[in-house]
Amino acid sequence: MKGFIHKETHPAYVLLLLFAFMMAGYFVGSFIFAILAGVLFDLKLMQIPEIATDPMAHPNGRNIMLLLQGVIQFMSFIVGPLVMLRVLKYKIDPYLNWKLPVAPLLVLLAGVLMILIMPANSVIINWNATMDFPDFMNGFEQWARAKEDELAELTKMIAKFDDFPKLIVGLIVIAVIPAIGEEIVFRGVLQKQIHRWLGNPHVAIWIAGFVFAAIHVQFFGFLPRAILGVLFGYLYLWSGRIIVPIIAHFFNNGFTVLMLYLHQTGAADFDVESTEPMEWWSVLLSVILSAAAIWYLYREFKKVPDRREPELQTIPESEV
């Protein structure tokens with residue numbers, strides 16, 4: 001994988017900077033949110049912690065939490081890491097994209113793959129959601145279940161997309177911003193730096209995938225999310241273009257939002273939030289079609305040549 005920063009900059013230093021800039025983005029985002037919440041919802045600064053703790057108690061709790069999530073994610077996962085890359089004198093496009101552009105249909109297929117794989121992934125979702133722990137881990141299991149229930153209640157409140165404007169807002173906050181931000185952070189920076197540090201792309205992909213799953217703090221959805229993170233990682237490794245995992249991530253989240261909208265408006269009877277495994281024939285078909293799509297994408301992406309100007313990865317001193 002080409003396109004890493006200079007040898008004298010240790011990956012551990014880059015990852016520490018990533019964390020620092022993300023935290024800076026979080027604090028700046030919190031400040032921006034406080035201003036917007038005051039203007040849009042007439043909130044006082046002291047009310048914000050109370051609403052964040054119990055959003056269901058406020059009449060605008062859902063909209064406030066969507067605004068909070070959107071602003072914080074945008075600033076901490078997109079703006080913060082991109083500012084870090086500029087501070088390190090990267091040219092962002094060559095850094096994130098070390099191969100020439102790929103055919104748009106391949107990018108689209110990477111997105112469709114996320115829908116094809118859902119029936120197969122439903123088996124893992126069910127297994128992870130219903131798994132039991134040994135007696136000595138009862139304390140952890142109770143904590144994890146309580147955390148899962150708490151996040152489920154919050155998600156249920158936020159995920160009300162029963163009209164078209166709410167659908168658009170949901171797509172932006174739950175699909176667009178996370179797809180861009182999380183792929184920049186976990187694939188564009190974390191995966192690449194671990195690869196550079198350890199010298200093994202597969203180890204880097206799996207570590208980044210597990211960190212991606214862990215940061216969502218939902219243990220009973222950990223494994224299916226980790227598998228998706230690993231798949232995003234391989235799509236990035238093979239394609240050399242950050243847009244590929246971004247589109248795949250967007251299709252995964254966006255399809256869920258769309259199905260919630262169709263279910264809540266009565267246009268579809270399919271419950272996308274169910275943890276039950278899908279019909280065996282759909283799982284089998286999913287495995288076959290997903291495997292075929294993954295093999296085809298791997299083969300086509302490997303044909304895409306690297307960019308010929310690796311020196312453009314950093315900004316010349318004269319341009320700083």
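The values are calculated or read from the model by the stated rules, or taken from the named source; none is laboratory data. Just so we're clear, the structure is a prediction, and the values are computed from it rather than from any experiment. When we count neighbours, we look across all protein chains shown, and the Cβ atoms used for this are built from the backbone with ideal geometry, even at glycine. With ligands, DNA and RNA removed, areas are computed over all heavy atoms of the protein, side chains included. Shrake-Rupley method; radii C 1.70, N 1.55, O 1.52, S 1.80 Å.
Set Lys and Arg Cβ to +1 and Asp and Glu Cβ to -1, take the dipole of the chain about its Cα centre, and tell me which of Tyr26, Ala144, Asn60 lies farthest positive.
The listed residue farthest towards the positive side: Tyr26.
Ranking request for peptides 167-177, 91-101, 288-298: highest mean number of other beta-carbon atoms within 10 Å first, then the rest in descending order.
Highest mean packing first, the order is 167-177, 91-101, 288-298.
Amide H to amide H under 5 Å from Tyr90: which residues, 5+ apart in sequence or cross-chain, H placed 1.01 Å off N in plane?
Under 5 Å from the amide H of Tyr90: Ile315.
Of the chain, which part is the longest with no GluC sites (Glu not before Pro) in a loop (DSSP not H, G, I, E, B) and with at most 14 other C-beta atoms within 10 angstrom?
9-272
Could you list which residues have their amide H under 5 Å from that of Lys99, counting only those 5 or more apart in sequence or on another chain, with H placed in the peptide plane?
For Lys99, the qualifying residues are Arg307.
Report the semi-axes of the equivalent ellipsoid for the range 67-139 in whole Å, largest first, where each axis is √(5λ) for an eigenvalue λ of the Cα gyration tensor.
Semi-axes from the Cα gyration tensor: 35, 24, 13 Å.
Of all accessible surface on the chain at a 1.4 Å probe, what whole percent is carbon and sulfur?
68
Nothing charged except the Cβ atoms of Lys and Arg (+1) and of Asp and Glu (-1): what's the magnitude of the dipole of the chain about its Cα centre? Round to the nearest 20 debye.
The calculation lands at about 1360 debye.
Could you give me the radius of gyration and the Dmax of the range 1-145, taking only the C-alpha atoms into account and expressing both in angstrom?
When restricted to the Cα atoms of the range 1-145, Rg and Dmax are 21.3, 54 Å.
Given a 1.4 Å probe, how much area per residue of the chain is accessible, in Å²?
52
What helices in the chain pass both tests, a Cα length along the helix axis of 24 Å or more and a mean Kyte hydropathy of 1.6 or higher, using whole DSSP H runs?
Flagged H segments are 11-41.
Give me the Kirkwood hydrodynamic radius of the range 86-227, using the inverse of the mean 1/r over all pairs of distinct Cα atoms, in Å to one decimal.
Across the range 86-227, the inverse of the average 1/r is 18.1 Å.
With unit charges on the beta carbon (Lys/Arg positive, Asp/Glu negative), name the residue among Leu100, Gly240, Gly209 whose Cα is farthest towards the positive pole of the charge dipole of the chain.
Leu100
Apply the Debye scattering formula to the range 191-244, with a single equal point scatterer on each alpha-carbon and no solvent, then give log10 I(q)/I(0) at q = 0.13, 0.23 Å⁻¹.
Taken in order of the listed q values, log10 I(q)/I(0) reads -0.30, -0.82.
Along the principal axes of its C-alpha atoms, what lengths does the chain span, in descending order and rounded to whole Å?
Extents along the principal axes: 55, 54, 47 Å.
Between Ile288 and Asp54, what FRET efficiency comes out of the Förster formula 1/(1 + (r/R0)^6) with R0 = 51 Å and r the beta carbon distance, rounded to 0.05?
0.65
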